[in-house]
Amino acid sequence: MTYIEQTVDYLRERGFESPEIGIILGTGLGKLPDEVEILAEVSYNHIPHFPTATVEFHKGKLIYGNLEGKKVVIMQGRFHLYEGYDFLDVTYPVRIMNRLGIKKLLVSNAAGAINLDFKKGDIMLIDDHINLLGGSPLAFKGVSKTGDRFVDMSCPYDKKMSEKIEAIAKRNDIALHKGIYASVKGPQLETRAEYRYLKIIGADAVGMSTVPEIIVANHLKLPVVAVSVLTDECDPDDLQEVDVQSILDMSAKAEPKMIKLFKELIADLEV
Ligand code: HPA
């Protein structure tokens, strides 16, 4: 039995029977499970072959339950390259959720605003991305067993779901930007020169996650959408010091908007 089969068997035995939608919650965005009728939950460090959670502000739990009439599996906290995990570790949960049977994936993250028309506390639908991580979760020997090696990335974010999110935002008077997310490894934040560079290359937001998960979702032909919660403004000409706590506080402030978008999207989806 492969690692993936062992992990999936373990989760099925614990009640993760037939999830239709997978959700990854980013930094400071842990409240969606409060809205879920929880049927099963398990800490990452109990799941065989799962990377173990290290960053303390991540609760590190996989949750299964009913949300808006759908069966969902939620990652409360994710794995980052900056924690020392590799590309295969940080995308392992996407492969697991896929094997559990999800048909769609919803991703969220906290990010800095490079586009200065965007303000902290705003949210941004990710329309496209730039991978600055210096690697790929598909660069390993057996990759073609699960999908294409040379994965097409001409439209990595599902158009239909993205349009639905935009319509939901409009309907609920939620200001929603749309833009390009650049992923960096971190964990240090960027210098003024790096923020300037990110702007020049066309990024609207910058963060330390998401892109590996999106690449693997595309490899698995799993439709995916992603939303960034903007936690700080990255103005190279007037750069304010940020600390992790202010990022978490800003995530929490913007979180209700993200929850609204995800809940209405889930209600609306046919799976
Ligand atoms: N840079 C990188 N990652 C981030 C930032 C940032 O400014 N804000 C939140 N995550």
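For the reader, a short list of remarks on this structure follows.
- With R₀ set to 35 Å, the beta-carbon distance separating Ile201 from Lys170 gives a calculated FRET efficiency near 0.75.
- Inter-label distance for Asp249 and Asp86, nm, one decimal - labels placed 7 Å from Cα along Cα-to-Cβ: 4.0 nm
- Only helices enter this figure: runs of n ≥ 4 DSSP H residues, each worth -39500 (n - 2.57), summed and divided by the residues of the chain, yield -9500 deg cm²/dmol at 222 nm to the nearest 500.
- Span-rule helices in the chain, defined as complete DSSP H runs reaching 24 Å or more along the axis (Cα) with Kyte mean at least -0.5: 244-268
- Distant-in-sequence amide H partners of Leu39 (H built 1.01 Å from N, under 5 Å): Tyr64, Gly65, Asn66
- Distance between modelled label sites at Lys221 and Gln188, nm, 7 Å Cα→Cβ extension: 4.4 nm
- Across the range 127-135, coupling constants 3J(HN,Hα) worked out from phi with the 6.51/-1.76/1.60 Karplus curve, θ = phi - 60°, read 9, 6, 9, 10, 8, 10, 7, x, x Hz, and Gly and Pro carry x.
- Alpha carbon convex hull of the chain, volume per residue in cubic angstrom: 117 Å³
- Candidates His80, His46, His177: whichever shows maximal mean-square fluctuation once the chain is modelled as a Gaussian network with Cα springs under 10 Å: His46
- Trypsin sites (Lys or Arg not before Pro) restricted to DSSP loop in the range 130-183 with at most 15 other C-beta within 10 Å: Lys141, Arg149
- Taking Phe118, Phe16, Phe150 in turn, the Gaussian network model of the chain (Cα-Cα springs below 10 Å) assigns the largest fluctuation to Phe150.
- For the chain, the share of DSSP beta bridges that are antiparallel, to the nearest 5, is 40%.
- Sparsely packed loop sites in the range 221-259 (the trypsin sites (Lys or Arg not before Pro) outside DSSP H, G, I, E and B with at most 15 other Cβ atoms within 10 Å) comprise Lys221.
- Computed over the chain with a Gaussian network model linking Cα atoms closer than 10 Å, the most mobile of Gly22, Gly135, Gly179 is Gly135.
- Relative contact order (%) - criterion: Cα under 8 Å, at least six apart; region: the chain: 26 percent
Any read-out appearing in this document is the output of simple, stated calculations on the displayed coordinates, not a laboratory observation. Owing to the predicted nature of the structure, the values given are computational and were not obtained by experimental measurement. Here the Cβ is made from the backbone with ideal geometry for all residues, glycine too, and neighbour counts use every protein chain on show.
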